[in-house]
Amino acid sequence: QVQLVESGGGLVQPGGSLRLSCAASGTIFSIYAMRWYRQAPGKQRELVAAVTSGGTTNYADSVKGRFTISRDNAKNTVYLQMNSLKPEDTAVYYCNAGRPTNGGRLDYWGQGTQITVSS
């Protein structure tokens, strides 16, 4: 199993930047796809960014060009660099690790870190 711990959240002004980190332990990190989700108050959880075990990335349209996901397998860590932040980016951000299984997909989740974008 995998344990995930997020860090780097906080309060930032519109137009500012933050870098989130998610450190994994408990299993072989490199075989998992890593993802960042977010959930704003009153909204459903949405996928923000993903990076596969092979390094392919994908982004939600709302963050494309502003956010960058990356992984460092040697450090068992995935990052989310967030630039040009907007108030609508305010949410709890969750780190996710997943891999396909015969029964679907095996997912592990961090406990979340709050991002607040406000002046």
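Tabulated results
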quantity: Gyration tensor over alpha-carbon atoms, the chain, equivalent ellipsoid semi-axes in Å; calculated: 24, 14, 13
quantity: Förster radius 22 Å - calculated FRET efficiency between residue 107 and residue 83, Cβ distance, rounded to 0.05; calculated: 0.20
quantity: Per residue value of the accessible surface for the chain (all protein chains in place, 1.4 Å probe), Å²; calculated: 54 Å²
quantity: Carbon and sulfur %, accessible surface of the chain computed with the full protein complex present, 1.4 Å; calculated: 45 percent
quantity: Net lengthening on full extension, residue 28/residue 72 (0.36 nm per residue, minus Cα-Cα); calculated: 14.6 nm
quantity: Length released on extending from residue 118 to residue 44, taking residue separation times 0.36 nm less the Cα-Cα span; calculated: 24.5 nm
quantity: Highest to lowest packing among 87-96, 70-79, scored as the average C-beta count within 10 Å; calculated: 87-96, 70-79
quantity: Net charge of neighbours whose Cβ lies under 12 Å from the Cβ of residue 109, counting Lys and Arg as +1 and Asp and Glu as -1; calculated: 0
quantity: Antiparallel content of DSSP bridges confined to the chain, in %, to 5; calculated: 95 percent
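The values are calculated or read from the model by the stated rules, or taken from the named source; none is laboratory data. Please read all numbers here as calculations on a predicted model, not as lab measurements. Neighbour counts run over all protein chains shown; Cβ positions are idealised from the backbone, glycine included. Quick note on the areas: whole protein, heavy atoms, side chains included, nothing else; ligands and nucleic acids left out. Shrake-Rupley method; radii C 1.70, N 1.55, O 1.52, S 1.80 Å.
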